[in-house]
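This report refers to the structure that appears directly beneath it.
The values are calculated or read from the model by the stated rules, or taken from the named source; none is laboratory data. As the structure is a computational prediction, the values presented were derived from the model and not from experiment. All Cβ positions, even for glycine, are placed from backbone atoms using ideal geometry, and neighbour counts span all protein chains on display.
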Amino acid sequence: MEQRNNKPVVHLISKPDNMLKTIYTACRTCYSADYPINIYESVDDEEKMLKLIKRVIGSGHYSTIEHIQVSFAISNVSRACTHQLVRHRHMSFSQKSQRYVKEKGQFDYIIPPTIDKNPELREKFINFMAQVSDQYQEFVDAGIPAEDARFVLPNAAASSLVTSLNLRELIHLANLRLCTRAQYEIRMMVKAMCDALTAEEPWLKDYLVPKCERLGFCDEDKSCGRKITQAELFAKAGI
Ligand SMILES: Cc1cc2nc3c(=O)[nH]c(=O)nc-3n(C[C@H](O)[C@H](O)[C@H](O)COP(=O)(O)OP(=O)(O)OC[C@H]3O[C@@H](n4cnc5c(N)ncnc54)[C@H](O)[C@@H]3O)c2cc1C
């Protein structure tokens, strides 16, 4: 049986080395008579920086973490997944174009696990992708531009992109897309983005979590049961 890797491939390609110092300087500047450059150049104590940073983030003063920009190189994700990602308006994207890049032979595609684990349905899925590929190729061979031939390509077609975002938006993205209500593939992709960053910046683990972890309750209509729902919480408090 053909083996496919249906997992997103995610690499952190850029992050500032002086992340903590930058955020600390932004936070401290708000409460200090000193010049920001003096604050930046005089601080080196990680524990001291983290103490203030966590207090400031905890009180919702999020502009301080907008100074940190990170970039990821992502591949092996479906267009269904990237379509959801690009809904986030504070992210920057450079995605492989289906206009400029003509598919040659069978295009890469992602098989969702629910179909992948069922041999009969998996075979149907693969056969269908082959049919789509043949049709796409027929259009291209007939001189149809790739930007029009691509109209037959499915949501399953694999894509690649580079994306950049600031830390505030990454926390927001994680809070929404690590929630079990999010689609499985974007959840895997965002988890891989968070893991890549927390491997280098472990202090971010407390923030790059599903929103219920930060809220202390679930505000979704249908809860997975991980946390008490908002309605249950209100009922408990007699509100
Ligand atoms: C589980 C799940 C299911 C979803 N289902 C659907 C669906 O069925 N259909 C659908 O169309 N979408 C759906 N979405 C996408 C969703 O509606 C949002 O478009 C997407 O999650 C981006 O979130 P956002 O707007 O909070 O974030 P971002 O675009 O990343 O913006 C971050 C924050 O900036 C602020 N902001 C940004 N732009 C504006 C603005 N113009 N005005 C005011 N404030 C702004 C908001 O506070 C926002 O939360 C779904 C998302 C999730 C997580």
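Among (1) polar (S, T, N, Q); (2) away from the ligand (no atom under 14 Å from the Cβ); (3) more than 21 Å from residue 12 (Cβ to Cβ), which single condition is residue 198 missing?
Of (1) polar (S, T, N, Q); (2) away from the ligand (no atom under 14 Å from the Cβ); (3) more than 21 Å from residue 12 (Cβ to Cβ), only one is false for residue 198: (3).
Determine the pairs where a residue that is within 21 Å of residue 223 (Cβ to Cβ) and surrounded by 18 or more Cβ atoms within 10 Å (Cβ to Cβ), located within segment 174-195, has a partner that is at pLDDT below 95 and of a type in the set (Gly, Ala, Ser) with Cβ atoms under 8 Å apart, the partner being 6 or more residues away or on another chain.
Here the result reads none, with nothing in segment 174-195 linked to a residue that is at pLDDT below 95 and of a type in the set (Gly, Ala, Ser).
Does residue 132 qualify as being away from the ligand (no atom under 16 Å from the Cβ), closer than 30 Å to residue 208 by Cα and in a helix (DSSP H, G or I)?
Against the criterion (away from the ligand (no atom under 16 Å from the Cβ), closer than 30 Å to residue 208 by Cα and in a helix (DSSP H, G or I)), residue 132 does not qualify.
Would you check which residues across segment 178-188 are closer than 13 Å to residue 85 by Cα and within 13 Å of the ligand (Cβ to nearest atom) and list them?
178, 182, 183, 184, 185, 186, 187
Out of all the residues in segment 139-172, which are more than 16 Å from the ligand (Cβ to nearest atom), β-branched (Val, Ile, Thr) and in a helix (DSSP H, G or I)?
140, 152
Suppose we filter 166, 155, 76 for residues that are in contact with an Asp or Glu (Cβ under 6 Å, 6 or more places away or on another chain) and at pLDDT 95 or above; which single one remains?
166
Helices (runs of 4 or more DSSP H) wholly in segment 179-239 with at least 3 residues that are charged (D, E, K, R) - which ones?
184-198, 211-215
List the number of the failed condition for residue 175; all other conditions in (1) within 16 Å of the ligand (Cβ to nearest atom); (2) in a loop (DSSP other than H, G, I, E, B) hold.
Evaluating residue 175 over (1) within 16 Å of the ligand (Cβ to nearest atom); (2) in a loop (DSSP other than H, G, I, E, B) leaves (2) as the failure.
Considering only residues that are over 21 Å from residue 10 (Cβ atoms) and surrounded by fewer than 17 Cβ atoms within 10 Å (Cβ to Cβ), which ones fall in segment 90-114?
Across segment 90-114, the qualifying residues are 99, 100, 102, 104, 105, 106, 114.
Hey, could you check segment 21-39 for residues that are more than 24 Å from residue 207 (Cα to Cα) and not β-branched (Val, Ile, Thr) and say which is surrounded by the fewest Cβ atoms within 10 Å (Cβ to Cβ)?
The initial filter retains those residues of segment 21-39 that are more than 24 Å from residue 207 (Cα to Cα), namely 32-39.
Those still in the list that are not β-branched (Val, Ile, Thr) too: 32-36, 38.
On the way: 32: 12, 33: 4, 34: 11, 35: 10, 36: 12, 38: 12.
So the residue we want is 33.
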